[in-house]
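Peer 1: I'd like to ask some things about the structure below.
The values are calculated or read from the model by the stated rules, or taken from the named source; none is laboratory data. Owing to the predicted nature of the structure, the values given are computational and were not obtained by experimental measurement. Every residue, glycine as well, gets a Cβ built from its backbone with ideal geometry; the counts of neighbours run over all protein chains shown. Remember, those area values only see protein heavy atoms, side chains included, never the ligands or the DNA or RNA. Shrake-Rupley method; radii C 1.70, N 1.55, O 1.52, S 1.80 Å.
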Amino acid sequence: MAPKEKTKGEVSDLKAKLAAVIKHGTLPAQKDGGKGSTGKGQSSTPKDPQLIKRSLFKSILHYMTINVDMSSLFTQMIIASTPTNDIVLKKMLYLYICTYAQQKPDLTLLAVNTLTKDCGDSDPTVRGLALRSLCSLRVPNLIEYLISPLKTALNDRDPYVRRTAVLGVLKVFRLDAQIVEELELETKLKEMFANDSDSQVVANTLTVLQQIVRSPQDLITKPVVYSLLNRLKEFSEWSQCALLEFVSMYRPEDGDETFDIMNVLEDRLQHSNSALVLATIRVFLHLTVAIPDIHQQVLERIKGPLFTMMHNKGPEIAFTVASHLRLLVERAPMLFSQDYKQFYCRYNDSVHVKKLKLSMLTVVADESNAYDIVNELCEYATDPHESIARGSIRAVGTIAMNLRSAEGLVERLLSFLDMQMDHITAETYIVMADILRTLPEHADKCVDALASLMTVEVVKPEARAALVWILGAYGEKLQEAPYILETVGDSFDDEPEQVQLAMLTATLKLFFKRAPECHRLLLSVLEKGANCANQDVHDRSLFYFRLLKKSVQAAEQVVGSGARTTPTFSEQLSSDLKETLFKEFNSLSALYNEPAESFTDDNPVYEQDLYYLDDNGEAAGAGGEGQPQADYADTNLLDLGGDAENGNGAGAGAGGSGAAGGAGNGGGAADLMDLLSLDVAAQPAAAAQPAAPAFKLSAAPAMDAGKFQQLWGSLAAQDSLVVTSANVRAQVPELTNALRARGIMTMASGGQEPMYKFYQYAQQEGGNGAVFLVELIANTNASTLSCTCKSDNADSLKAFCDLLGAALQ
């Protein structure tokens, strides 16, 4: 029998049994030759009708759970269940009605009478169940039958019924918001919120009000917050979490009020429920976000509970806590730098927790603890889980790139090559490429580590592409580089796309440095790339060929120039995203490391921004209209710190090490064309146009505090500029890094809300090496960045101011 026919038979059989129960109060007699259910010739004894109905209803619900349509039994279900006082039978009936109410809106009217009658039952459990089912029908035409029972239930003597009625108001609101307004149900809920004696009713009321009132922020007033805090321990743990999230939106009038609220919630930090602890931490952080000194003390206070939960809870809770801890570590790494051992991996940590700990170790590493952390990370390289081993190598490389002045870190990274393990070697090559993009001054060390390399032995595509890039960028330092690339060129057609693309670029780069050894390899690779089925590889091959054919000098400038220094990578989170994640603390955003809008469809309950100014220039904080608003404080919490030391240790300029010109290694343009077998005569000799030297800053200017102070008082050439930005508060923590990427280093910085000062310096690359000094004042109230610039070269000062203004936009 086909499954569809079998389903029809089962539905028909249940319908016949329901009809028999309705008519006779029992099941129809079995047609088995007079034998009973025991099969021994005994007739079956009559059963209790209620038990028969239960059995039938259970069968129907069973088929519903396996996606069998039981809507054709709607009428029989309604008739068979009335009248009855069996609470189990009522629950099953209500579930059935709510499931098929939208499919059978006309027949649902039959059930409304039953539900309305049960809303007046003497048993509060029945009243609550009936009202919940009545509100869950989701049939707009039946709202008129719902209003009277709902208004009565809001005044019911039993708290369970009132809880259900409050949530019913929200269901009605979603069907027809106008009715809620006409019946003034919002006003009734506010009265219950203020006066109801049952804590769960108050919690439900708060949840509903936040979704139906026009301005949820108007609910966050001092009397409301104080009332909730005074009754906090009466609520369930789940409700306490919801109430604390509500309290976190409140903006205290002064510091004393902030301390009063935190003193009330102090004991919640020792609670056994991790969700409640995180909710309390959210309140502490948001209440003190406008008071940097207190905010720093709060971070010191909450470290202990977070470390305890991360180490003593199960893997799921440990991962959740570690995800939130990562947000705080990235926000204030200096506060956690002395606790770096708390982030060491333990034998019983899950893989996901270990990954988070590795990321936090890279953030808290500084000159005082870097070597201890790197030694610990080196131990993880032998972890049996490959992702942890690779992550530890990545972490060592990240620390080396962040701490440019620290000695010996790159050597520790290169020592991983001696372990002769495929996945470790592959990851080391990937990190080496990143190191050379950021710190080209270590090129000799990295190339020496490849001296014994005869072929690209790694299999992972990312590692092969990284090694090919190194050989192309610094192949002039390694004698065997062209021959290693030849082994990759022989298998070019079988390589992944990213290796093919890297091979095309690396071969052309190396050609300009070692043309006689690479011309055949270049011809072979270009030919194979042009015939490749992959469109990107095909297009790049033709682009390089046509570029070479047009002008070898142009090709060398485009492709063969030295590797440019990369101060940061796109994978690093922006300051705006970090701030968004902090505002969404104690939510899934911390776990996904993404803002809520990226994985949710609906807008959050609180759409107003508590931290920034609205279009009218007024603080969009919580509380009533007359409530004072606190200015938003610096997001970095601590002294932004100078990076003069880091700047002095920065990598060499974009020229890198030796992108030697084609004319120097392989002869002039005609010689290169001959090597490529291209027709030089066919190309008209265009007159060389000398390019105007572009204004460029050195990546590693030399300056100390004494010299800065001396020059600031003596330099005569001076200029100023003012940049207006609506988001100065978010820019302040990242100014140091953003300007460093442009070659402008920070000597010192400091200040407090709303004024922050930065003293910076830069030096022109090439030419006369002009020196530039900057005093930058960030005014968060006026939303301005005011700069005073001085230089020992008046002609270059205007170009520097233009560059600085563009960097601050």
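Peer 1: Starting from the 7 Å offset along Cα-to-Cβ, what nm value, one decimal, do you get for the label separation of ASP121 and GLN270?
Peer 2: Going from the ASP121 label point to the GLN270 one covers 4.6 nm.
Peer 1: So if R0 is 45 Å, what FRET efficiency would THR187 and THR99 give, r being the distance between their Cβ atoms, rounded to the nearest 0.05?
Peer 2: Numbers: r = 34 Å, r/R0 = 0.75.
Efficiency computed from Cβ-Cβ geometry: 0.85.
Peer 1: Residues with amide H under 5 Å of ALA748's amide H, sequence separation 5 or more or different chain, H placed in the peptide plane at 1.01 Å from N; which?
Peer 2: When sequence neighbours closer than 5 places are left aside, the close amide H contacts are TYR759.
Peer 1: Name all residues of segment 471-490 having a backbone nitrogen under 18 Å from the label point set 7 Å from the Cα of SER452 along its Cα→Cβ direction, giving them as ranges.
Peer 2: 478-481, 484
Peer 1: Let me ask something additional. If Lys and Arg each add +1 and Asp and Glu each add -1, what is the summed charge of the other residues whose beta carbon sits under 14 Å from the beta carbon of ASP196? Please report the intermediate quantities before stating the final value.
Peer 2: On the way: positive: ARG157, ARG162, ARG163, LYS188, LYS190, ARG231; negative: ASP156, ASP158, GLU191, ASP198, GLU234.
Combined, the nearby Lys, Arg, Asp and Glu give +1.
Peer 1: How big is the gap, in Å, between the Cα center of segment 93-112 and the Cα center of segment 399-449?
Peer 2: Comparing the Cα centres of segment 93-112 and segment 399-449, I get a distance of 68 Å.
Peer 1: Next up: How large is log10 I(q)/I(0) at q = 0.09, 0.13, 0.22, 0.23 Å⁻¹ when the Debye formula is applied to the Cα atoms of segment 188-302, each weighted equally and without solvent?
Peer 2: The computed values of log10 I(q)/I(0) come out as -0.23, -0.48, -1.29, -1.38.
Peer 1: Quick one: which of LYS513/LYS798; LYS233/LYS357; LYS513/LYS696 span more than 30 angstrom between C-alpha atoms?
Peer 2: Numbers: LYS513/LYS798 37 Å; LYS233/LYS357 34 Å; LYS513/LYS696 25 Å.
Too far apart for the 30 Å limit: LYS513/LYS798; LYS233/LYS357.
Peer 1: Now for a different question. Assuming R0 = 60 Å, what is the FRET efficiency of LYS15 and SER350, from their Cβ-Cβ distance, to the nearest 0.05? Walk me through the numbers before you get to the answer.
Peer 2: On the way: r = 52 Å, r/R0 = 0.87.
So the FRET efficiency works out to roughly 0.70.
Peer 1: A follow-up question, please. Keeping every protein chain present and rolling a 1.4 Å probe, give me the accessible area per residue for segment 122-162 in Å². Walk me through the intermediate numbers first.
Peer 2: On the way: 1880 Å² over 41 residues.
Ligands and nucleic acids excluded, the result is 46 Å² per residue.
Peer 1: I need the Kirkwood Rh of segment 142-198: take the reciprocal of the average 1/r across all distinct C-alpha pairs and report it in angstrom. Write down the numbers at each step before the final one.
Peer 2: On the way: mean 1/r = 0.0876 Å⁻¹.
Every distinct Cα pair counted, the radius reaches 11.4 Å.
Peer 1: Once fully extended, how much extra length lies between THR221 and LYS549, figured as 0.36 nm per residue of separation less the alpha-carbon to alpha-carbon distance?
Peer 2: Details: separation 328, 0.36 × 328 = 118.08 nm, distance 7.35 nm.
This chain segment gains 110.7 nm when fully extended.
Peer 1: I would also like to ask the following. Using a simple spin-label model with points 7 Å from Cα along the Cα→Cβ vector, what separation in nm is obtained for LEU107 and ILE777?
Peer 2: Distance between the two pseudo-spin positions: 7.9 nm.
Peer 1: For the cross-link pairs LYS91/LYS188; LYS117/LYS190; LYS104/LYS190, which exceed 31 Å when the distance is taken from alpha carbon to alpha carbon? Write out the running numbers ahead of the final one.
Peer 2: Details: LYS91/LYS188 29 Å; LYS117/LYS190 28 Å; LYS104/LYS190 36 Å.
Exceeds cut-off: LYS104/LYS190.
Peer 1: Right, next: Please give the FRET efficiency for GLN296 paired with ILE22, using the beta carbon to beta carbon distance and R0 = 51 Å, rounded to the nearest 0.05.
Peer 2: Using R0 = 51 Å, I get an efficiency of 0.10.
Peer 1: In segment 756-800, carbon and sulfur make up what percent of the accessible area (probe 1.4 Å)? Mind showing how you got there, number by number?
Peer 2: Numbers: 680 of 1540 Å².
About 44 percent, which is the carbon plus sulfur part of the accessible surface.
Peer 1: Tell me, what % of the accessible area of segment 446-515 is carbon and sulfur with a 1.4 angstrom probe? Could you put the intermediate results ahead of the total?
Peer 2: Values: 1240 of 2440 Å².
Taking all protein chains in place, segment 446-515 shows 51 percent carbon and sulfur surface.
Peer 1: Taking the inverse of the average 1/r across all pairs of different Cα atoms in segment 453-516, what Kirkwood radius in Å do you get? It would help to have the intermediate numbers written out before the result.
Peer 2: On the way: mean 1/r = 0.0882 Å⁻¹.
Answer for segment 453-516: a Kirkwood hydrodynamic radius of 11.3 Å.
Peer 1: If each residue of separation counts as 0.36 nm, what is the full-extension length gain between ASP372 and ILE147 once their alpha-carbon separation is subtracted? Write out the running numbers ahead of the final one.
Peer 2: On the way: separation 225, 0.36 × 225 = 81.00 nm, distance 6.85 nm.
In short, 74.1 nm is gained.
Peer 1: Place +1 on the Cβ of every Lys and Arg and -1 on the Cβ of every Asp and Glu in segment 131-254, take the dipole about the Cα centre, and give the residue among SER133, VAL202, VAL213 whose Cα lies farthest towards its positive end.
Peer 2: In segment 131-254, that residue is SER133.
Peer 1: Taking the Cα of SER387, stepping 7 Å toward and past its beta carbon, and measuring to each backbone N in segment 325-357: which are under 15 Å?
Peer 2: Zone members listed by number: 349-357.
Peer 1: Could you give the length gained on full extension between LYS757 and ASP198, defined as 0.36 nm per residue of separation minus the Cα-Cα distance, in nm?
Peer 2: Between LYS757 and ASP198, full extension yields 195.9 nm more.
Peer 1: For segment 212-358, what relative contact order do you get, as a whole percent, if you take Cα pairs closer than 8 Å and at least 6 residues apart? It would help to have the intermediate numbers written out before the result.
Peer 2: Working: 106 pairs, mean separation 24.0, N = 147.
Taking the mean separation of contacting Cα pairs over the length of segment 212-358, I get 16 percent.
Peer 1: Using the Kirkwood radius over Cα pairs, work out the Stokes-Einstein diffusion coefficient for segment 325-401 at 37 °C and 0.692 mPa s, in µm²/s as a whole number.
Peer 2: The calculation lands on 268 µm²/s.
Peer 1: Leaving out ligands and nucleic acids, note down the accessible area per residue over segment 427-499 with a 1.4 angstrom probe, in whole Å².
Peer 2: Values: 2710 Å² over 73 residues.
Solvent-accessible surface per residue comes out at 37 Å².
Peer 1: With each pseudo-label sitting 7 Å past Cα toward Cβ, what's the ASP69-ASP539 distance in nm, one decimal?
Peer 2: So the label points at ASP69 and ASP539 sit 4.9 nm apart.
Peer 1: With Cβ to Cβ distances under 12 Å as the rule, what net charge do the other residues near LEU501 carry (K, R +1; D, E -1)? Spell out each step's value before the answer.
Peer 2: Details: positive: ARG464, ARG540; negative: GLU495, GLU497, ASP536, ASP539.
Taking every other residue near LEU501 into account, the sum is -2.
Peer 1: With +1 on each Lys and Arg Cβ and -1 on each Asp and Glu Cβ, how big is the dipole of segment 138-278 about its Cα centre, in debye rounded to the nearest 20? Kindly include the intermediate steps, with their values, before the conclusion.
Peer 2: Numbers: 15 positive and 22 negative charges, 109 e Å.
So the magnitude is around 520 debye.
Peer 1: Using +1 at the C-beta of Lys and Arg and -1 at the C-beta of Asp and Glu, which of VAL410, LEU358, ILE393 has the Cα lying farthest in the positive direction of the dipole of segment 352-430?
Peer 2: Value: LEU358.
Peer 1: In square angstrom, what is the accessible area per residue of segment 195-325 with a 1.4 angstrom probe?
Peer 2: Numbers: 5060 Å² over 131 residues.
I get 39 Å² per residue for this part.
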